Amino acid sequence: MLKLSGEALREEGSRDNISPEIITRIATPIVEAVGKGVQVAIVVGGGNFWRGASASHRGMDRSTADYMGMLATVMNSLAVQNILETMGLSVRVQTAIEMKNVAEPFIRRMAIRHLERGRVVIFAAGTGNPFFSTDTAAALRASEIGASVILKATKVDGVYDSDPVKNPDARRFEELTFREALSSRLKVMDATAFSLCMDNHMPIIVFDMNAPGNILKALLGEPVGTLVTN
């Protein structure tokens, strides 16, 4: 399960919310990994368009704001689907909110069958419920389809004991347990997503998606970033 943030699809400083060039760079190692037999599922955030929590802090009803954020993830998922398909992959977008004209509804058995047939499955619209992040959606869907690992693509090369931007002496972990991350209050994922992973023994790898070759290494199971496990 590859978890991408919505912001990762936007070129820094650009007015465009989605950069086809960036998606192509992300898609290239996915195509290669699928060609090697890796089953790939994806969850994409919607932060390049909309953040429900931020909007609620400015006075908008939280449920309404979150539903708008779910729609943003659908737009991002369709963009990733389109690029992957132009590169020769068969891709299905499944949404937690039914919208038959643009995507399949989420059906667990159908998603697993797609993966078994070599298709990439992109899970959109979060969990279909407000108050839950796309991190939680990734943890939930990964558990449902029996994924081997969640690959959380970020802008940093792993989990640190403090903010590496503010503290040049911050220490990066090669591996740590869920309990160690909790006791040290390390922000690997939001609390709900993290609890789901811990309870379902779902390992998480946090890695820098911008480092050359890292996405492919992560997809192929090569050591990269920080492994969080039981």
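The values are calculated or read from the model by the stated rules, or taken from the named source; none is laboratory data. Quick caveat: nothing in here was measured; it's all calculated off a predicted structure. Every residue, glycine among them, receives a Cβ derived from its backbone with ideal geometry; neighbour counts consider all protein chains shown.
Checking the conditions here, which among A65, A53, A124 is in contact with a Lys or Arg (Cβ under 9 Å, 6 or more places away or on another chain), among the aliphatic types (A, V, I, L, M), closer than 23 Å to A193 by Cβ and crowded, with 19+ Cβ neighbours inside 10 Å? Walk me through it before giving the result.
On the way: A53 fails: crowded, with 19+ Cβ neighbours inside 10 Å; A124 fails: in contact with a Lys or Arg (Cβ under 9 Å, 6 or more places away or on another chain).
Exactly one residue qualifies, and that residue is A65.
Among the listed residues S90, S148, S143, S77, identify the single one that is in contact with a strand residue (DSSP E or B) (Cβ under 9 Å, 6 or more places away or on another chain), of a type in the set (G, A, S) and surrounded by fewer than 20 Cβ atoms within 10 Å (Cβ to Cβ).
S90
Strands (runs of 3 or more DSSP E) wholly in the range 171-230 with at least 1 residues that are within 19 Å of R141 (Cβ to Cβ) - which ones?
So the answer is 204-208, 226-229.
Could you check R141 against (1) over 15 Å from K3 (Cβ atoms); (2) part of a helix (DSSP H, G or I) and say which number it fails?
(1)
Can we say M99 is buried (at least 20 other Cβ atoms within 10 Å of the Cβ), in contact (Cβ under 8 Å) with a residue 12 or more places away in the chain and out of contact with any Leu (no Cβ under 8 Å at 6 or more places or on another chain)? Steps first, please.
Details: buried (at least 20 other Cβ atoms within 10 Å of the Cβ): no; in contact (Cβ under 8 Å) with a residue 12 or more places away in the chain: yes; out of contact with any Leu (no Cβ under 8 Å at 6 or more places or on another chain): yes.
When the stated conditions are applied, M99 does not pass them.
Is there a residue being touching a strand residue (DSSP E or B) at 6+ places or on another chain (Cβ under 8 Å) and farther than 28 Å from F131 by Cα anywhere in the range 199-215?
yes
Is it true that some residue in the range 91-114 is at pLDDT below 95 and either at positive phi or assigned to a helix (DSSP H, G or I) (or both)?
no
Looking at the range 152-174, which of its residues are touching a residue at least 40 places away in the same chain (Cβ under 8 Å) and surrounded by fewer than 15 Cβ atoms within 10 Å (Cβ to Cβ)?
Within the range 152-174, the first condition is being touching a residue at least 40 places away in the same chain (Cβ under 8 Å), and the residues that meet it are 152-159, 172-174.
Matches in the range 152-174: K155, R172, E174.
Is there any pair with a first residue in the range 138-151 that is free of Cβ contacts under 8 Å to residues at least 60 places away in the same chain and a second that is in a helix (DSSP H, G or I) whose Cβ atoms are under 7 Å apart and which are 6 or more apart or on different chains, and what are they?
Listed by first residue and then by second, the contacts come to L140/L196; S143/L196; E144/R108.
Mind checking which pairs have a first residue in the range 181-202 that is surrounded by fewer than 18 Cβ atoms within 10 Å (Cβ to Cβ) and a second that is in a helix (DSSP H, G or I), Cβ under 7 Å, 6 or more apart or different chains?
Listed by first residue and then by second, the contacts come to D190/D135; D190/T136; T192/T136; N200/S143.
Kindly indicate which of F178, F194 is aromatic (F, W, Y) and under 17 Å from the mean Cα position of the chain (by Cα).
None of the other options fit; the residue is F194.
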